[in-house]
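> Before I ask anything, here is the structure I am working with.
The values are calculated or read from the model by the stated rules, or taken from the named source; none is laboratory data. Here the structure is a predicted model, which means the values were calculated and not measured. Cβ: placed from backbone, ideal geometry, glycine included. Neighbour counts: every protein chain shown.
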Amino acid sequence: MNTALVDVRELTKTYGDFVAVDSISFEVKQGEIIGLLGPNGAGKTSTLECLEGLRRPDRGRLRVAGVDPVGETRKLRNLIGVQLQTSGLPESITPDEAIRLFCAYHNVAPRLDLLDRLGLGERRSAQFYQLSTGQQRRLALALAIAHRPQVLILDEPTAGLDVATRVELHAMMRELQSGGATIIMATHDMAEAEQMSDRVAILLQGKIVHTGTPIEITATGAGLTKISVRTLAGNLALSLGGFPAVSHQVTKGEYSIYYSSDIGVTVPAIITQIAAQGDSLVDLRVERPSLEDRFLEITDPGGER
């Protein structure tokens, strides 16, 4: 599917003298999941709020499913689903009441099945203030997807969720995607972004500094591969000699860890050294750079790894 469901051109949002979003442009195709990544204050939430029609951009052109979020707010409401970081639901409302209310607003049958899928079936009569933080977020997710929106906007969707609910949410996202839904997800969870996103856009100080598939992002930059080695006698940790293509090494517990630009020469050299020391290999792990590694490299180039 090549149709752009979300089209952002030169979006700028300021608060007084502070430029939260600085002339960014991107598009999201129909059926695509894009992850918006960035440290706090990078402009992720402001971007989402402009797309949701909650904030008016200072400059730029936005289209969500062909609709102008600023001038066509009423049309927008039936086209998008939104899960915010905080909920504005009344404290006394129950999950059963909330799902019926939202479905009636969107003129669809009550999606009570979502309460069961998200582990709220037994709490459907509890008042909102009686729900745990995780349960409140599950309810917000159910309300966001109840009308099967064309565009789903998620702001930290799995924060506060247990592992089982995270898995269920990801399954729902895949179901919506297979039905043609477009999903924009802002998250600090790099593993989630790497697993779920077709593409990611990294924001820094209001600008998009990198965009591409998770594999494309991790393939750029220093690109060092992590090699973790544990031996029976631990002699490798005492070795003073370096290995080819290794930029630096550290010791963590029983493991010697090497960061290599060419594992084809580094790994054989390590194995040869182990044998020369009369030691035995217990564990060897080779890990390509993760999205989190690359994210830290981009956003904190001088920081400790």
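> Tell me which residues, restricted to segment 45-78, are over 17 Å from Ala144 (Cβ atoms), within 24 Å of the chain's Cα centre (by Cα) and part of a helix (DSSP H, G or I).
Passing the criteria: Ser46, Thr47, Cys50.
> Inside segment 233-282, can you point out the residues that are of a type outside the set (D, E, K, R), in contact with a Lys or Arg (Cβ under 9 Å, 6 or more places away or on another chain) and part of a loop (DSSP other than H, G, I, E, B)?
Gly253
> Here are Leu240, Leu281: which of them is modelled with pLDDT under 90, of a type in the set (A, V, I, L, M) and more than 23 Å from Thr218 (Cβ to Cβ)? So that I can check it myself, show each step before the final result.
Numbers: Leu281 fails: modelled with pLDDT under 90.
Checking each option against the conditions leaves just Leu240.
> I would also like to ask the following. Show the residue pairs meeting these rules: Cβ distance below 6 Å; 6+ apart or different chains; first residue within segment 245-264 and among the charged types (D, E, K, R); second residue part of a strand (DSSP E or B).
Hits for this filter: Glu254/Arg230.
> Kindly list, by first and then second residue, each pair from a residue in segment 269-283 that is assigned by TED's automatic domain parsing to the domain that holds Gly234 to a residue that is in a loop (DSSP other than H, G, I, E, B) and among the hydrophobic types (A, V, I, L, M, F, W, C), limited to pairs with Cβ atoms under 7 Å and residues at least 6 apart or on different chains.
Every condition considered, the pairs that remain are Ala269/Phe243; Ile270/Phe243; Asp279/Leu232; Asp279/Ala233; Ser280/Leu232; Val282/Leu232.
> Considering each residue of segment 42-57, count those that are surrounded by fewer than 18 Cβ atoms within 10 Å (Cβ to Cβ) and in contact (Cβ under 8 Å) with a residue 40 or more places away in the chain, and give that number.
0
> Follow-up question, since we're still on this one. In the same structural domain as Glu192 (by TED's automatic domain parsing), surrounded by 15 or more Cβ atoms within 10 Å (Cβ to Cβ) and more than 27 Å from Val67 (Cβ to Cβ): does that describe Leu141?
no
Residues checked against (1) polar (S, T, N, Q); (2) touching a Ser or Thr at 6+ places or on another chain (Cβ under 9 Å); (3) at pLDDT below 95:
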| residue | (1), (2), (3) |
| --- | --- |
| Arg9 | no, yes, no |
| Thr14 | yes, no, no |
| Ser23 | yes, yes, no |
| Gln30 | yes, yes, yes |
| Ile34 | no, yes, no |
| Gly41 | no, no, yes |
| Thr45 | yes, no, yes |
| Leu51 | no, no, no |
| Asp58 | no, yes, no |
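> In segment 1-30, how many residues are within 22 Å of the chain's Cα centre (by Cα), free of Cβ contacts under 8 Å to residues at least 40 places away in the same chain and not in a strand (DSSP E or B)?
The total comes to 0.
> Next up: Residues being closer than 17 Å to Lys13 by Cβ, surrounded by fewer than 17 Cβ atoms within 10 Å (Cβ to Cβ) and aliphatic (A, V, I, L, M): count how many of those fall in segment 58-101.
Of the residues in that region, 1 qualify.
> So, Ile93, is that one among the β-branched types (Val, Ile, Thr), in the same structural domain as Gln30 (by TED's automatic domain parsing), outside any loop (DSSP other than H, G, I, E, B) and farther than 23 Å from Ile33 by Cβ or not? Spell out how you get there, then give the answer.
Working: among the β-branched types (Val, Ile, Thr): yes; in the same structural domain as Gln30 (by TED's automatic domain parsing): yes; outside any loop (DSSP other than H, G, I, E, B): no; farther than 23 Å from Ile33 by Cβ: yes.
It is false that Ile93 is among the β-branched types (Val, Ile, Thr), in the same structural domain as Gln30 (by TED's automatic domain parsing), outside any loop (DSSP other than H, G, I, E, B) and farther than 23 Å from Ile33 by Cβ.
> Another question, then. Going residue by residue through segment 111-127, is there one that turns out to be over 20 Å from the mean Cα position of the chain (by Cα), in contact (Cβ under 8 Å) with a residue 40 or more places away in the chain and part of a helix (DSSP H, G or I)?
Checked segment 111-127: at least one residue is over 20 Å from the mean Cα position of the chain (by Cα), in contact (Cβ under 8 Å) with a residue 40 or more places away in the chain and part of a helix (DSSP H, G or I).
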